[in-house]
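Colleague: Can you read through this structure? Questions will come right after.
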Amino acid sequence: MALRRWQLPLLLLPLLVLAPAAQGQPVEGTVIRVVDGDTIYVKLADRVEKIRYIGMNTPEIHHPSKGEEPGGREAAETNRRLVGGKRVRLELDVRTRDRYGRLLAYVWVDDVMVNAELLRLGYAQVMTVPPNVRHQELFVKLQREARDAGRGLWRGV
Amino acid sequence: MDRDALKRLLSEARRATRAEAGTVYLREGDQLHFAAVQNDVLAQRVGAAEAEGRLTAGPLDLSTPSLASYVMLTRAVVNVPDVYEIRLERPYEFDRRMDATHGYRTRSMLVMPLRDGRGTTVGVVQLINARNEAGEVVAFDAGCEDRLAALLTGFAKAGGS
């Protein structure tokens, strides 16, 4: 089906609203809901975005086939403690959205990157999805330290 | 499973671990089939496509005591510094005939199970000959294991695409 001229601005809208981030300017907003250990909703100036943390994965609370995975609630609670209701800065990488349309981001509260902090505390595992690999080395290092120290989900492992 | 996605996964895995070669196998029944094969050394000698063709052998029976079969059946991670030095009591062994045929020396090897989005093990990723900064072949270290595991988790989570 041919694209109509009036449809073009609608198609470009997602690109336009992300333009500041693509130019290196931070996207900022307030966390209005913590879904689980690696997903949050953030209210930006003009809209609400569902954010998936880049580079790590936490156990699911509502897994489609497995139900609640061990440690899911702890990870979600830790995430809530770190970002709940707070002002956050979103750092984007090469790919800005996943196939579910979620915005992919490194989430900062002041000078703390939450993705890294969850790994450091042992409530997440490194999960690499190229091309978003900017902080991969740091994440692997933090995971190893958490595992060696038996922190969080690594306790007793 | 998308073969192009598996080729990309293998390239990323090799980049993340500085491995000069690698293979992705997919299980079909009681066999492992080659889904992606890469080898920089042979590719430099004869070209990437020719190298891939030469290295893609017939399917591997899971009854053979290969490292890939072992990982497929046990879901274990196997990290061997030198496959020519595998002790006899190990439940797997390395078949040197491919090396002899291609004039190649396989030394270090890291093998991990490949899972789909539901957590089912569908195949194996096998990386060969990690290189250090100086270009020497070395063993895969713990960081390589972590980086490969992270990539495979991401691959499974993305539904193998």
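Colleague: Among the residues of region B:95-108, is any under 24 Å from B:ASP30 (Cβ atoms), surrounded by 14 or more Cβ atoms within 10 Å (Cβ to Cβ) and away from every other protein chain (no Cβ under 14 Å)?
Modeller: yes
Colleague: Separate question: For B:LEU42, all conditions in the list (1) assigned to a helix (DSSP H, G or I); (2) at pLDDT 95 or above hold save one; what is the number of the exception?
Modeller: So B:LEU42 meets the others, but not (2).
Colleague: For region B:119-161, enumerate the residues that are in a strand (DSSP E or B) and farther than 17 Å from B:ARG14 by Cβ.
Modeller: B:THR121, B:VAL122
Colleague: I'd like the residue in region B:146-161 that is more than 7 Å from chain A (Cβ to nearest Cβ) and surrounded by fewer than 18 Cβ atoms within 10 Å (Cβ to Cβ) and, out of all such residues, is modelled with the lowest pLDDT.
Modeller: Among those that are more than 7 Å from chain A (Cβ to nearest Cβ) and surrounded by fewer than 18 Cβ atoms within 10 Å (Cβ to Cβ), it is B:SER161.
Colleague: Report yes if A:ARG151 is more than 14 Å from chain B (Cβ to nearest Cβ), under 16 Å from the mean Cα position of the chain (by Cα) and of a type in the set (Lys, Arg), otherwise no.
Modeller: Judged against the criteria, A:ARG151 is not a match.
Colleague: Can you tell me which residues in region A:48-85 are of a type in the set (Lys, Arg) and either within 11 Å of the chain's Cα centre (by Cα) or surrounded by 14 or more Cβ atoms within 10 Å (Cβ to Cβ) (or both)?
Modeller: A:LYS50, A:ARG52, A:ARG73, A:ARG80 - these are the residues of region A:48-85 that are of a type in the set (Lys, Arg) and either within 11 Å of the chain's Cα centre (by Cα) or surrounded by 14 or more Cβ atoms within 10 Å (Cβ to Cβ) (or both).
Colleague: Of the conditions (1) under 19 Å from B:TYR25 (Cβ atoms); (2) within 14 Å of chain A (Cβ to nearest Cβ); (3) exposed (fewer than 13 other Cβ atoms within 10 Å of the Cβ), B:PHE140 fails just one. Which one is it?
Modeller: Going through (1) under 19 Å from B:TYR25 (Cβ atoms); (2) within 14 Å of chain A (Cβ to nearest Cβ); (3) exposed (fewer than 13 other Cβ atoms within 10 Å of the Cβ) one by one, B:PHE140 breaks only (3).
Colleague: With respect to B:VAL24, is the statement that it is in contact with a helix residue (DSSP H, G or I) (Cβ under 8 Å, 6 or more places away or on another chain) and away from every other protein chain (no Cβ under 14 Å) true?
Modeller: Spelling it out, B:VAL24 is indeed in contact with a helix residue (DSSP H, G or I) (Cβ under 8 Å, 6 or more places away or on another chain) and away from every other protein chain (no Cβ under 14 Å).
Colleague: Taking the condition of being within 14 Å of chain A (Cβ to nearest Cβ), modelled with pLDDT of 95 or more and surrounded by fewer than 24 Cβ atoms within 10 Å (Cβ to Cβ), how many residues in region B:116-137 meet it?
Modeller: 0
The values are calculated or read from the model by the stated rules, or taken from the named source; none is laboratory data. Only a predicted model underlies this, so the values are computations on that prediction, with no experimental measurement involved. Backbone-built Cβ (ideal geometry, glycine too); neighbour counts: all protein chains shown.
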